[in-house]
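K.L.:
I have a structure here, written as structure tokens, and I will follow up with some questions on it.
The values are calculated or read from the model by the stated rules, or taken from the named source; none is laboratory data. On a predicted model such as this, the values are computed, not experimentally measured, just so you know. Neighbour counts run over all protein chains shown; Cβ positions are idealised from the backbone, glycine included. Surface areas here come from the heavy atoms of the whole protein model, side chains and all, with no ligands, DNA or RNA. Shrake-Rupley method; radii C 1.70, N 1.55, O 1.52, S 1.80 Å.
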Amino acid sequence: MRADRYRRRIGLGAIPTGKGVPRGAELQRGRSAAVPRVLASWVAGALGILFSLSSLSAQPPSPIPLPGSVFAGPTQLVNQIDAQESDDHADLSVQFACSMRYLTNAPLNRGQSTTITLRLGPDCGGFNRTVTPEFPLVGGGAQWVRSVRLETVVPGEVTLEFTWTHEFEFVMVPTADDMGLRIRLLGVERKPHVYAAPSDAPEGYAVNLDSSQTKFDPAAVQAAAQLLGAPAYVSETDLEGHHWYRLRVGPFTTRAEAERVLHVALERYPRAWLALNDETADLTAVERAGTAALASSGPVDPTLPDAERKKILADARTAMAQHQYPQAVELLTRLLRQPEYPGRAEAQELIGLVRERAGQLAHAKAEYQEYLRRYPNGAAAARIRARLLALSSATEPLQSGGSFGAPAPTHVWSMAGSAAVTYQYGQNQLSNVPSSSSTALNAALIFGDLLVRERGQRYDLTVRADGGYTANFNPNIASSQDRTTAAYLQVDDRQWGWSARAGRQSLATQGNIGLFDGLYAGFQASSKLVLSAAAGFPVYSSYSNFDTQARFATVAAELGPYRQAFIFDAYLFDQANSGLTERRAVGMQMRYSMSGRSAMLLTDYDIYFRQLNALTLIGNASLWHQWVLGFTVDHRRSPLLLLSNALIGQTAETLPQLQTEFTPSQIQQLAIDRTAQSNTYTLSATHPFGERWQLFGYLSALELGGTPASGGVPATPSTGLDKTVSIEMAGSSLLQPSDLHFFGARFDDSPTTSSVTLSWDARFALHGNFRIGPRLSVERLENTGLGGTQMFYLPELRADWTGRWSLFELIAGYQVEQISAQPTSSETRYLYASATYRVRF
């Protein structure tokens with residue numbers, strides 16, 4: 001293994017030896033049939049893609065640090081984001097190019113987006129580094145993720161913002177090696193026959209006309225509907241201990257339509273504002289003016305007790321999980337013959353899903369259409385419209401009789417993907433030395449992903465390829481290189497519940513392997529137990545070529561859900577390097593998720609070194625008066641404990657070379673000595689104030705321990721306790737309808753530095769789909785190491801246009817760093833700009 005893989009551990013800025021996250025047990029089931037005859041051609045095509053892309057890849061050189069610059073480090077902080085789907089959830093794997101310490105995220109566990117706050121590690125280029133914004137694509141996840149953005153909030157800290165295509169519940173956890181995140185989206189449903197990304201149109205737009213603590217007269221609701229030509233209704237919510245009634249019109253499927261109605265409404269309702277997905281209750285039973293009431297249709301049975309109806313629904317879900325589709329339909333039909341009750345909408349959606357998974361596409365479409373007829377504004381309405389869109393290309397005629405699940409079309413082909421091109425430019429300049437101007441960044445990044453799927457009567461075949469090319473126009477920074485994030489062939493047997501995948505891919509919790517070249521196999525042993533195994537060769541970044549020097553094997557099991565709340569993962573992992581044991585660990589992860597609260601516990605123990613690698617506990621809960629509290633407790637080895645850590649600070653570049661100088665036990669002790677321990681504690685809170693303001697804040701404390709002197713390598717001291725307090729207020733519709741403003745203050749104190757940062761970030765709607773967002777942050781930093789004061793000024797302007805299938809974004813910023821210290825002072829300026837165009841198909 002080459003020495004540049006360890007440079008990042010001693011702050012030399014090389015592309016890291018990071019390993020990412022998720023698991024990808026893509027298990028599907030269905031009816032029996034023979035393997036399609038095109039299997040051989042699929043295998044040949046997939047292997048051709050794999051080896052052609054892998055052979056082109058090359059390990060990228062380290063970016064060259066610029067003298068006096070705070071911007072040295074990896075040019076791209078996000079190595080890859082990959083997605084794998086299962087029957088009821090999706091796993092997103094984020095792999096960074098250097099170590100990132102997870103602090104918190106907001107919203108914590110549910111929403112149409114989440115913003116993750118991360119602290120840059122020492123191998124990222126310095127504690128006060130500012131990064132150029134990045135817009136990474138999500139391989140294989142276009143149906144869930146609309147966009148991803150990474151950018152600097154304050155020097156030394158970044159935010160990673162995910163915007164989902166729909167509102168999801170989610171849980172997340174950092175990996176044991178500090179090099180990645182794993183995010184699980186809950187409630188994701190797989191489409192069994194055709195692949196189609198849901199419409200980009202957001203769900204749940206409404207125009208809030210007025211709010212009152214007393215009920216609105218029905219005549220006022222009817223007058224609003226007649227004036228605006230849209231359905232009007234009254235919703236209810238609790239804010240700060242008070243019950244509010246809100247007069248609204250909607251919902252609207254597009255923002256443009258909602259804004260058109262808003263502009264008309266402002267003449268009659270001056271306090272009107274735009275609302276998006278902020279209803280806290282099901283509006284199915286809400287009376288509306290301007291829409292006809294729906295009459296119940298179909299036979300009605302005598303009313304059953306609520307407990308019996310819940311049992312029938314639970315039995316139906318169990319039958320569906322065990323692929324006993326006729327039994328599931330029989331149970332759900334009993335519920336649909338009940339008089340209208342609050343849980344009937346859920347049964348109506350579920351029977352459509354059962355029909356869809358069984359291959360009865362026409363029946364499924366009929367059930368979904370019945371849901372929309374009865375519950376046009378139900379909680380699942382947008383999701384069902386997306387399913388109907390996906391089923392629109394299926395032309396199976398309605399079956400008049402015969403066995404349940406009659407044969408579907410022999411083969412259904414689908415294709416989806418995305419492509420993006422980004423240009424980035426950055427320039428450093430010391431104002432008191434004009435000739436020192438230097439180009440810090442000048443590169444174009446091209447990325448694309450393609451997923452082709454063939455669904456048969458029993459087997460599904462998938463070929464996927466994700467890759468790109470980075471053209472560095474300044475050879476003094478780094479050379480150009482290509483990258484391969486994924487290139488694999490996958491076969492799923494829906495009857496027996498097994499799945500196999502070969503090629504370059506990513507893995508989940510099984511031992512912190514991110515990318516690897518090799519094999520994966522999974523088996524659904526029961527409705528609550530998934531077994532999996534993987535083996536191959538670790539890939540340390542998407543730029544790496546095929547390398548057999550390191551190899552690994554792992555087995556894992558996932559149990560759950562237990563009591564509809566708990567899921568347990570466990571793994572046994574073994575990795576070797578040059579014939580020596582690199583790492584041998586056991587790990588466990590427990591996830592708990594219920595309405596209003598969730599928790600995640602991760603532990604990783606190395607049985608070879610007999611050392612605890614990581615212990616992480618993350619949780620959040622909704623409390624009184626709409627307060628949401630979250631916490632993180634994290635203890636870990638930093639970096640991840642590997643035998644190769646013994647090379648840090650040594651002249652030897654490989655473990656075999658190191659064996660000529662030290663005994664095996666000494667090498668093992670050197671690896672432990674070079675691996676520090678760190679602790680992180682975070683407490684966060686969110687709370688709405690009225691209808692337009694939201695508070696978010698967190699307290700955090702971080703400490704990186706020291707390492708002893710050994711093997712000729714000097715000791716390193718502990719960083720001491722670094723304490724941070726951050727407060728942000730978000731307000732909407734302050735200067736114009738539907739605008740957003742974020743006002744922030746951050747205070748940080750450590751044994752060597754203390755800083756205060758103030759920031760403002762705004763987003764305004766221009767014409768049509770154009771948006772503009774100015775940002776300004778100012779930081780004052782007292783640095784005892786410099787013996788003076790540093791001031792950072794960071795103005796930035798962002799503009800974007802969002803279409804149905806494409807996005808164009810421009811960002812320009814200008815950072816000024818002023819250092820007032822003895823004996824001299826200096827000023828460094830950094831100008832950066834980027835342009836990104838992205839399209840999905």
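K.L.:
Could you let me know the centre-to-centre spacing of the stretch 454-472 and the stretch 624-670, using Cα atoms, in angstrom?
P.N.:
34
K.L.:
Convert each backbone phi in the stretch 484-493 into a coupling constant with the Karplus relation 6.51 cos²θ - 1.76 cosθ + 1.60 (shift: θ = phi - 60°), then list the ³J(HN,Hα) values in order as whole Hz, x for Gly and Pro.
P.N.:
Once θ is set to phi - 60°, the couplings for the stretch 484-493 become 10, 8, 8, 7, 8, 10, 10, 10, 10, 9 Hz.
K.L.:
Search the structure for amide H atoms under 5 Å from the amide H of residue 607, placed 1.01 Å from N in the peptide plane, and list their residues when 5 or more places away or on another chain.
P.N.:
584, 585, 586
K.L.:
For residue 729 and residue 413 in the same chain, what is the full-extension length gain: residue separation times 0.36 nm, less their Cα-Cα distance, in nm?
P.N.:
In short, 109.0 nm is gained.
K.L.:
Suppose accessible area is computed on protein heavy atoms with a 1.4 Å probe; arrange 681, 608, 540 from highest to lowest. Before the final figure, lay out the partial values.
P.N.:
Details: 681 115, 608 70, 540 10 Å².
Of 681, 608, 540, the descending order of accessible area is 681, 608, 540.
K.L.:
Something else: Dividing the alpha-carbon radius of gyration of the stretch 440-517 by 2.2 N^0.38 Å (N being the number of residues), what value is obtained? Each step should come with its number before you reach the end.
P.N.:
On the way: Rg = 17.2 Å, N = 78, 2.2 N^0.38 = 11.5 Å.
In units of the 2.2 N^0.38 Å rule of thumb, it is 1.49.
K.L.:
By how many nm would the segment from residue 683 to residue 222 grow when fully extended, if each residue of separation counts as 0.36 nm and the alpha-carbon distance is taken off?
P.N.:
Numbers: separation 461, 0.36 × 461 = 165.96 nm, distance 4.65 nm.
Answer, rounded to one decimal: 161.3 nm.
K.L.:
Further, regarding this structure: Return the ratio Rg/(2.2 N^0.38 Å) for the stretch 504-632, where Rg is computed over Cα atoms only.
P.N.:
On the way: Rg = 17.3 Å, N = 129, 2.2 N^0.38 = 13.9 Å.
My calculation over the Cα atoms of the stretch 504-632 gives 1.24.
K.L.:
If amide H atoms are built 1.01 Å from N in the plane of the peptide, which residues on other chains or at least 5 residues away come under 5 Å of the amide H of residue 266?
P.N.:
none
K.L.:
Sticking with this structure for a sec: Along each principal axis of its Cα atoms, how long is the stretch 93-186 end to end? Whole angstroms, biggest number first, please.
P.N.:
The Cα atoms of the stretch 93-186 stretch 36, 26, 23 Å along their principal axes.
K.L.:
Round to the nearest 10 and report in Å² the accessible area of residue 663, as given by a 1.4 Å probe over the protein chains' heavy atoms.
P.N.:
Here the accessible area works out near 70 Å².
K.L.:
Another one. In what sequence, highest mean first, do 741-748, 350-357, 244-251 appear when ranked by Cβ atoms within 10 angstrom? Mind showing how you got there, number by number?
P.N.:
On the way: 741-748: 17.4, 350-357: 24.4, 244-251: 21.8.
Descending mean neighbour count gives 350-357, 244-251, 741-748.
K.L.:
Work out from phi, with θ = phi - 60° and the Karplus expression 6.51 cos²θ - 1.76 cosθ + 1.60, the ³J(HN,Hα) of each residue of the stretch 590-600, listed in order in whole Hz, and give x for Gly and Pro.
P.N.:
Using θ = phi - 60°, the values come out as 10, 10, 10, 8, 9, 4, x, 7, 7, 8, 9 Hz.
K.L.:
Another one. Using a 1.4 angstrom probe on the protein heavy atoms only, could you order 144, 413, 801 from most to least accessible area?
P.N.:
413, 801, 144
K.L.:
Could you report the accessible area of residue 498 in Å², rounded to 10, computed with a 1.4 Å probe on the protein chains as they sit in the structure?
P.N.:
Roll a 1.4 Å probe over it and residue 498 shows about 80 Å².
K.L.:
Please report, as a whole percent, how much of the solvent-accessible surface of the stretch 495-614 comes from carbon and sulfur atoms (probe radius 1.4 Å).
P.N.:
Carbon with sulfur: 64 percent of the solvent-accessible area.
K.L.:
Just the number, please: Stokes-Einstein D of the stretch 607-744 in µm²/s, Kirkwood Rh from C-alpha pairs, 25 °C, 0.890 mPa s.
P.N.:
It diffuses with D of about 132 µm²/s by this estimate.
K.L.:
Can you give the accessible area per residue of the stretch 440-553, in Å², using a 1.4 Å probe?
P.N.:
Working: 3280 Å² over 114 residues.
Accessible surface, normalised per residue, equals 29 Å².
K.L.:
Right, next: Between residue 479 and residue 799, what is the label-point separation in nm under the 7 Å Cα-to-beta-carbon projection?
P.N.:
3.9
K.L.:
Once phi is turned into ³J(HN,Hα) by the Karplus curve 6.51 cos²θ - 1.76 cosθ + 1.60 with θ = phi - 60°, what whole-Hz value does each residue of the stretch 757-774 show in order, with x for glycine and proline?
P.N.:
10, 10, 9, 9, 9, 9, 9, 10, 8, 9, 7, x, 9, 8, 10, 9, x, x
K.L.:
Which order do 528, 215, 365 take when ranked by solvent-accessible area (1.4 Å probe, heavy atoms of all protein chains), largest first?
P.N.:
Details: 528 85, 215 155, 365 55 Å².
Per-residue accessible area, sorted high to low, gives 215, 528, 365.
K.L.:
Using a 1.4 angstrom probe, figure out how much accessible area the stretch 620-733 has per residue, in square angstrom, rounded to the nearest whole.
P.N.:
44
K.L.:
Could you bin all the Cα-Cα distances of the stretch 690-841 into 5 Å bins starting at 0 and give me the percent of pairs in each, rounded to whole numbers?
P.N.:
Cα pair-distance distribution for the stretch 690-841, in percent: 2, 8, 12, 13, 14, 14, 13, 10, 7, 5, 2, 1, 0.
K.L.:
Oh, and also: For the stretch 686-726, what is the Kirkwood estimate of the hydrodynamic radius, computed as the reciprocal of the mean inverse distance between distinct Cα atoms, to one decimal in Å?
P.N.:
Kirkwood radius, the stretch 686-726: 13.6 Å.
K.L.:
How far apart, in nm, are two points set 7 Å out from the Cα along the Cα-to-Cβ line at residue 767 and at residue 340?
P.N.:
Here the answer is 4.5 nm between the modelled labels.
K.L.:
Quick one: which residues, 5+ away or cross-chain, put their amide H under 5 Å from the amide H of residue 97? H built at 1.01 Å from N.
P.N.:
Sorted by chain and number, the residues that satisfy this are 78, 79.
K.L.:
Could you give P(r) for the stretch 668-775, binned at 5 Å from zero, as whole percent values over all Cα-Cα pairs?
P.N.:
It works out to 3, 10, 14, 13, 12, 10, 9, 8, 7, 6, 4, 3, 1, in whole percents.
K.L.:
Roughly how much of residue 214 is accessible, in Å² to the nearest 10, using a 1.4 Å probe?
P.N.:
90
K.L.:
Turning to a different aspect of this structure: Expressed as a whole number of Å, what is the distance separating the alpha-carbon centroids of the stretch 713-753 and the stretch 310-368?
P.N.:
48
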